[in-house]
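Remarks on the structure that follows.
The values are calculated or read from the model by the stated rules, or taken from the named source; none is laboratory data. Here the structure is a predicted model, which is why all the values come from computation and not from measurement. Note that we place each Cβ from the backbone using ideal geometry, even for glycine, and neighbour counts take in every protein chain shown.
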């Protein structure tokens, strides 16, 4: 059954009086790929040139009123652990928490310089392509954020200035998990836990619907698997596979200690929409729910 949904570009954020007019990199969906391609009609192609069928539900099949209730309930019942998770993964850009994970794996498995360069390039190239596809979908579908549906909503973090669906954090996490698990298969369980935590953190922050994260993870894992299949075909001049996954378990230390950033930075946290810790923020005029 087709369901209508609110458009990000048409509704103000909670605490604001006008729809957002400062979209972040709205043309990023047209940027150049590392692995993927486009045909003349704009369809996404895999590295072999075959059209990809992206595994993601169209937003007109999603009940965003039900999704909104889940966000409201989560924020109302937020635990300290969930709050810490939301803040940790919501600090900086989505790659901030994953790049140190790659570095920890490289160190723990005594990876050679050339292998390290390839692993870094493979994962970051995969993230690049994933984020391009995410951004194309975000602005194509233009789905409103939770605090556009509920004009009284106070979020844990500032709500990003671009459409909600799918979640960039979740999608790139799913992709990074799969590509890193190819190189470090014995760490796959931990990598999946990190990806799941990163995705869930966006619900805890109040800036994403649960479906943004679940569908994002699914899409990201698919894109990662397509890239891994391509990496497996690459050979050296003796026609031997370039990659030799590390199959001995070294139990790399990849999780943050007490939710502290691996690379700290003092980010500004001012925003014009309503937040939980901003008690002095003037309320939006005539607050109401947009259903």
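Annotations
- Residue pairs whose Cβ atoms lie under 9 Å apart, sitting 6 or more positions apart in sequence or on different chains, and linking a residue in region 67-90 that is on the phi < 0 side of the Ramachandran plot and free of Cβ contacts under 8 Å to residues at least 40 places away in the same chain to a partner that is outside any helix (DSSP H, G or I) and surrounded by 18 or more Cβ atoms within 10 Å (Cβ to Cβ), do not occur here.
- Within region 115-125, not a single residue is touching a residue at least 24 places away in the same chain (Cβ under 8 Å) and not in a helix (DSSP H, G or I).
- Matching helices (runs of 4 or more DSSP H) fully within region 1-112 where at least 3 residues are farther than 26 Å from residue 222 by Cα: 64-76, 80-89
- Unique match (being surrounded by fewer than 17 Cβ atoms within 10 Å (Cβ to Cβ), in contact with a helix residue (DSSP H, G or I) (Cβ under 9 Å, 6 or more places away or on another chain) and at pLDDT 95 or above) among 74, 25, 112, 95: 25
- Residue within region 53-64 that is closer than 18 Å to residue 132 by Cβ and touching a strand residue (DSSP E or B) at 6+ places or on another chain (Cβ under 9 Å) present: yes
- Criterion violated by residue 189 - all others in (1) in contact (Cβ under 8 Å) with a residue 12 or more places away in the chain; (2) surrounded by fewer than 22 Cβ atoms within 10 Å (Cβ to Cβ) satisfied: (1)
- Of all residues making up region 79-110, the number that are within 21 Å of the chain's Cα centre (by Cα) and closer than 11 Å to residue 204 by Cβ: 10
- Residue check for residue 7: in contact with a strand residue (DSSP E or B) (Cβ under 8 Å, 6 or more places away or on another chain), closer than 30 Å to residue 118 by Cβ and surrounded by 11 or more Cβ atoms within 10 Å (Cβ to Cβ): no
- Exclusive hit being surrounded by 24 or more Cβ atoms within 10 Å (Cβ to Cβ) and free of Cβ contacts under 8 Å to residues at least 60 places away in the same chain, set 203, 223, 217: 217
- Just one residue in the set 45, 54, 27 is over 24 Å from residue 154 (Cα atoms), under 19 Å from the mean Cα position of the chain (by Cα) and free of Cβ contacts under 8 Å to residues at least 40 places away in the same chain; that residue is 27.
- Taking the criterion of being outside any loop (DSSP other than H, G, I, E, B) and farther than 25 Å from residue 99 by Cα, the residues of region 148-169 that qualify are 148, 149, 150, 155.
- Screening residue 251 against (1) surrounded by 12 or more Cβ atoms within 10 Å (Cβ to Cβ); (2) closer than 17 Å to residue 193 by Cβ leaves a single unmet condition, (1).
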